[in-house]
Amino acid sequence: MVSCNWEPIGKVLIRMNVIWRNSVSCRRIRNVPHRYQSGNHPVVPLGSRILSDPAKVFEHNMWDHMQWSEEEEAAAKKKVEENSAVRVLLEEQVKYEDEASKYWDTFYKIHKNKFFKDRNWLLREFPEIIPVDQKTEQKLRELSWDHAKTSAADGFSRVHRPTMPQEKNHEERCGSSDSQSKAGLHFSNLDSKEHRKGPLKTELFPGSNATFRILEVGCGAGNSVFPILNTLQNAPESFLYCCDFASGAVELVKLHSSYRAAQCCAFVHDVCDEGLPYPFPDGILDVILLVFVLSSIHPDRMQGVVNRLSNLLKPGGMLLFRDYGRYDKTQLRFKKGHCLSENFYVRGDGTRAYFFTKGEVHNMFCKAGLDEKQNLVDRRLQVNRKKQVKMHRVWVQGKFQKPLHLTQKTSKLVFSLLSHG
């Protein structure tokens, strides 16, 4: 009978457990169809109403996937050159920056929750918001842990002839049941000690017991919050955080009849203040929703905001983005004297808007260490049938994932430990 030191075995199994958690996260992402069609239009998202006959343009209010003619694009560029020729005075720009929250607070005091419609399209465009069915996840958990145990046991039996299998196959080997039972018993003790060190076990925070967590940045009056909460009713293991730097907006969310504190935490937060803590630890979020928010922030501060949000994601977590695109009708409608800087404008109520290109979005999120999974320009034609007016809408939509490098590094470490006993 060969003696065996169980302390390194326990450490190995702890790390195998980390691999399992990240593999479940990765499988959750892969299980949802039409998510990562980077640069291509998904079958359902972004609409499917195509204008094939220009004579029928006024039969519907909106047409999808519109291609601009050279003349239309040239006219848009000329319009932007004209309305950006006169810039807002520097002292006025400083005021709009310093008092940004006040302008948005005033906006919500005036409009309440009547200005924006509920974003019921969110789940079509961003199915990542929906957690994987619990039964599916439970099957993955059982399968992954069984493979982890057998993989570890087999690794110990090969200690004098170590091999470094490919990562995709490292869970497919078999070992002795005796090794499994002893290692499993020791693991249960070590794993609990290991986890007591982490913030999720030692500190309670809103949503600390959830297994799937979402953050919406810039929640406003809740036009995304409540469609999401309605979807999560049958997923008690999920939790939604939502924040806005306008205290009046957060108050509107909390006073809504559909607000459930057991599954949602609304809080006031300025994402531009990089030192301001969130009511939860870094690295725990599955999804961050950033929809028509970044455009209201000064361009010089955008990268810092994205960097901070990236730190909140767990490995494999997704940041979902949608905002104004360059030459959207909103940009073309600005009059002279409203331009703050290139492609950045101030509205009459003091709120601001930037208009992105696909390349700018790519650079910003990739610099934050995220992998691009989708990044496309959504061009639509909106029409006013009564006035017989056509308006081009342009949005940029992207999906960016936090890499799973931790899984790969941990996997190599595990097999290194196995090889050296």
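Equivalent ellipsoid semi-axes for segment 266-414, as square roots of 5 times the alpha carbon gyration tensor eigenvalues: give them largest first, rounded to whole Å.
Values: eigenvalues 221, 68, 33 Å².
Result for segment 266-414: semi-axes of 33, 18, 13 Å.
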Q) Can you work out the FRET efficiency for the pair residue 98 and residue 62, with r the C-beta to C-beta distance and R0 = 25 Å, to the nearest 0.05? A) 0.10
Q. Using a probe of 1.4 angstrom, how much of the accessible area of segment 234-305 is carbon and sulfur, in percent?
A. 52 percent
Q) If the chain between residue 237 and residue 274 were fully stretched, how many nm would it gain, using 0.36 nm times the residue separation less the Cα-Cα distance? A) 10.4 nm
Q | Calculated FRET efficiency for the pair residue 329/residue 55, C-beta based, R₀ 30 Å, to 0.05 | A | 0.85
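Pairs 78/335; 358/387; 336/390; 329/387; 78/399; 254/367: which are spaced more than 25 Å apart, C-alpha to C-alpha?
Numbers: 78/335 13 Å; 358/387 32 Å; 336/390 22 Å; 329/387 16 Å; 78/399 31 Å; 254/367 35 Å.
Result: 358/387; 78/399; 254/367 exceed 25 Å.
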Q: Could you list which residues have their amide H under 5 Å from that of residue 374, counting only those 5 or more apart in sequence or on another chain, with H placed in the peptide plane?
A: 399
Q.
Once R0 is set to 22 Å, what does the formula 1/(1 + (r/R0)^6) return for the Cβ-Cβ distance between residue 82 and residue 391, expressed as a FRET efficiency to the nearest 0.05?
A. 0.80
Q. With each label point set 7 Å from Cα along the Cα-Cβ vector, what nm distance links residue 363 and residue 230?
A. 4.0 nm
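The values are calculated or read from the model by the stated rules, or taken from the named source; none is laboratory data. Just so it is clear, the model here is predicted, and its values are computed rather than measured. Here Cβ is always computed from backbone atoms with ideal geometry, including for glycine, and neighbour counts include all displayed protein chains. The protein model used for the area step is the full one, side chains on, heavy atoms only, and it has no ligands, DNA or RNA in it. Shrake-Rupley method; radii C 1.70, N 1.55, O 1.52, S 1.80 Å.
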